[in-house]
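The values are calculated or read from the model by the stated rules, or taken from the named source; none is laboratory data. Note that this is a predicted model, so its numbers are computed, not measured. When we count neighbours, we look across all protein chains shown, and the Cβ atoms used for this are built from the backbone with ideal geometry, even at glycine. In case anyone asks, the SASA skips ligands and DNA or RNA and just uses the protein heavy atoms, side chains included. Shrake-Rupley method; radii C 1.70, N 1.55, O 1.52, S 1.80 Å.
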Amino acid sequence: MRWPDGFLWGTGASSTQCEGAAPASDWLEWERAGHAPPSGNGNGFAERYDDDFRTYAALGLRHHRLSIEWARIEPAEGEHDAAAMAHYRDVLESARTHGVTPWVCLHHFTLPHWFADTGGFLVERNRTKAWARHVDFMAETFGDLVGGWKPVNEVNYYARAAYRKGGWPPGHDDAQEAAVADEAIHLANAEAACRLRQTGAPVASIFGLPAIVALDDSEATVRLAQRVYDALWAPGIELFRDGMLRIHRRDLIERPDLAGAFDLIGFSYYSAMGVADGRIVNHPADAPVSPLGYAIWADGVGVVLDRLHAELPHTPLVVDEFGVGTDDDAERAAYIRRGLEVVHAAIERGVDVRGFFHWTGVDNYEWLHGYDVRFGLIDRDRQVRPSAAIVASEAKTPRR
């Protein structure tokens with residue numbers, strides 16, 4: 001397969017997953033309360049980043065999305081940790097030295113304890129003051145080394161995970177709180193983009209998007225498929241495209257200043273959501289099921305790309321996370337191979353796809369599953385799996 005000039009080949013990770021929970025984070029307390037397995041030091045990235053970047057570069061994976069952990073940078077409100085800042089600058093400089101462009105995420109599910117204790121994103125002042133101040137600080141401190149920004153990871157997922165029994169702290173189940181948090185995190189993401197674009201680096205918005213596949217044309221199925229779309233797809237798309245934010249249970253917010261706030265729209269793809277007889281089902285029904293409980297179906301990434309392209313026909317897209325948690329590397333290799341075929345076919349039919357980031361480079365901590373679900377092209381002992389060759393061979397092909 002031939003890929004467009006400048007196509008971004010990369011990997012993705014997060015601080016908590018590859019460095020372990022920060023001492024001043026809400027996630028460490030969550031672990032200690034028994035709600036999640038201990039993360040320890042993650043996969044050792046904090047000590048092994050230089051070798052990891054060298055390996056990524058050798059595989060042709062010359063872009064890497066990482067998070068700089070807010071709770072390490074600002075463990076107490078208004079107090080910045082000089083050692084943590086120096087560490088992360090070393091990480092970014094190492095990436096650059098090895099020819100790997102770092103894309104930095106500012107919020108990948110975890111928060112400083114002090115921010116969470118004051119209500120997190122449920123409190124407007126936290127978003128408009130503390131978060132905005134943090135975004136500016138990150139731009140000033142690291143902007144000279146950052147190749148691109150992805151402010152909030154899976155902006156449409158966090159509120160459900162934290163406030164609708166998704167297993168994330170604070171572990172609430174409150175529909176109204178979830179709506180408030182959903183609204184706030186979408187605004188925080190877009191507002192951060194406006195500030196971060198001033199560094200001159202591109203900014204991407206990242207959604208967690210399942211393929212939505214209606215399996216019959218019954219009224220109940222059509223209605224449920226639309227509800228899923230309205231909850232997971234529509235808010236971020238409409239805010240970017242139209243400057244309007246519609247969150248169920250909340251008043252319409254008009255923010256024309258946030259329309260077009262991003263240079264790229266990206267997404268994580270892991271599964272399809274089938275809708276049949278007004279119910280959510282795994283799709284395809286005969287597909288193998290991952291340890292996380294979803295059907296393994298690489299073709300769904302094409303469904304997502306086509307729908308995004310229809311909604312945002314003039315916007316560059318990036319597959320920001322694509323991978324499968326499995327102990328069967330042959331299964332991983334087949335999944336990657338088919339996914340790349342599907343992405344390439346989308347490009348051939350006119351979808352403007354700018355990049356492909358595999359989740360993840362090195363096996364890491366998988367939140368509520370600890371270290372039992374392996375997504376890496378490389379294991380924690382830094383043995384490169386055969387499946388890595390599938391991505392590497394495409395990343396190294398001549399360009400158009």
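Identify all residues within the stretch 149-171 that are at positive phi and in contact (Cβ under 8 Å) with a residue 40 or more places away in the chain; write none if there are none.
154, 167, 171
Listed residues 113, 80, 108; which is under 15 Å from residue 14 (Cα atoms), touching a residue at least 24 places away in the same chain (Cβ under 8 Å) and out of contact with any Lys or Arg (no Cβ under 8 Å at 6 or more places or on another chain)?
Among 113, 80, 108, only 108 is under 15 Å from residue 14 (Cα atoms), touching a residue at least 24 places away in the same chain (Cβ under 8 Å) and out of contact with any Lys or Arg (no Cβ under 8 Å at 6 or more places or on another chain).
Which of the residues spanning the stretch 155-179 are closer than 26 Å to residue 10 by Cβ and surrounded by fewer than 23 Cβ atoms within 10 Å (Cβ to Cβ)?
157, 161
Mind counting the residues in the stretch 128-142 that are under 20 Å from the mean Cα position of the chain (by Cα), open to solvent by 10 Å² or more (accessible area, probe 1.4 Å) and not aliphatic (A, V, I, L, M)?
Residues that pass the stated criteria total 0.
Count, please, the residues in the stretch 223-243 that happen to be open to solvent by 50 Å² or more (accessible area, probe 1.4 Å) and either aromatic (Phe, Trp, Tyr) or closer than 26 Å to residue 317 by Cβ (or both).
Number satisfying all stated conditions: 5.
State all residues of the stretch 389-400 that are surrounded by fewer than 24 Cβ atoms within 10 Å (Cβ to Cβ) and under 17 Å from residue 328 (Cα atoms); if no residue qualifies, say none.
Scanning the stretch 389-400 gives 389, 390.
For the stretch 114-127, indicate whether the set of residues that are farther than 22 Å from residue 176 by Cβ and either polar (S, T, N, Q) or buried (at least 17 other Cβ atoms within 10 Å of the Cβ) (or both) is non-empty.
Among the residues of the stretch 114-127, at least one is farther than 22 Å from residue 176 by Cβ and either polar (S, T, N, Q) or buried (at least 17 other Cβ atoms within 10 Å of the Cβ) (or both), which makes the answer yes.
List every residue pair whose Cβ atoms sit under 6 Å apart, with the two residues 6 or more apart in sequence or on different chains, where the first one lies in the stretch 235-249 and is touching a residue at least 24 places away in the same chain (Cβ under 8 Å) and the second, anywhere, is among the β-branched types (Val, Ile, Thr) and open to solvent by 30 Å² or more (accessible area, probe 1.4 Å).
Pairs found: 245/253.
Can residue 35 be described as touching a residue at least 24 places away in the same chain (Cβ under 8 Å) and either in contact with an Asp or Glu (Cβ under 6 Å, 6 or more places away or on another chain) or assigned to a helix (DSSP H, G or I) (or both)?
Spelling it out, it is not the case that residue 35 is touching a residue at least 24 places away in the same chain (Cβ under 8 Å) and either in contact with an Asp or Glu (Cβ under 6 Å, 6 or more places away or on another chain) or assigned to a helix (DSSP H, G or I) (or both).
Please verify whether residue 30 is assigned to a helix (DSSP H, G or I) and touching a residue at least 40 places away in the same chain (Cβ under 8 Å), treating the condition exactly as stated.
yes
Let me spell it out: the conditions are (1) closer than 24 Å to residue 65 by Cα; (2) in contact with an Asp or Glu (Cβ under 9 Å, 6 or more places away or on another chain); (3) free of Cβ contacts under 8 Å to residues at least 60 places away in the same chain; (4) not in a helix (DSSP H, G or I), and residue 321 meets all of them except one. Which number is the exception?
(3) is the only condition that residue 321 fails.
Would it be correct to say that residue 335 is in a loop (DSSP other than H, G, I, E, B) and over 16 Å from residue 209 (Cα atoms)?
no
Out of curiosity, is residue 49 of a type in the set (Ser, Thr, Tyr), more than 26 Å from residue 140 (Cα to Cα) and either touching a residue at least 12 places away in the same chain (Cβ under 8 Å) or open to solvent by less than 30 Å² (accessible area, probe 1.4 Å) (or both)?
Here the answer is no, as residue 49 does not meet what is asked.
Residue-by-condition table, conditions (1) in contact (Cβ under 8 Å) with a residue 60 or more places away in the chain; (2) aromatic (Phe, Trp, Tyr); (3) crowded, with 22+ Cβ neighbours inside 10 Å:
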residue: 264; (1), (2), (3): yes, no, no
residue: 267; (1), (2), (3): yes, yes, yes
residue: 270; (1), (2), (3): yes, yes, yes
residue: 277; (1), (2), (3): yes, no, no
residue: 281; (1), (2), (3): yes, no, no
residue: 287; (1), (2), (3): no, no, no
residue: 292; (1), (2), (3): yes, no, no
residue: 295; (1), (2), (3): no, no, no
residue: 298; (1), (2), (3): no, no, no
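Taking the conditions exactly as written (at pLDDT 95 or above, hydrophobic (A, V, I, L, M, F, W, C), open to solvent by less than 10 Å² (accessible area, probe 1.4 Å) and under 26 Å from residue 161 (Cβ atoms)), does residue 27 satisfy them or not?
Yes: the conditions hold for residue 27.
Do the conditions hold for residue 203, that is, is it closer than 26 Å to residue 104 by Cα and either crowded, with 17+ Cβ neighbours inside 10 Å or touching a strand residue (DSSP E or B) at 6+ places or on another chain (Cβ under 9 Å) (or both)?
When the stated conditions are applied, residue 203 passes them.
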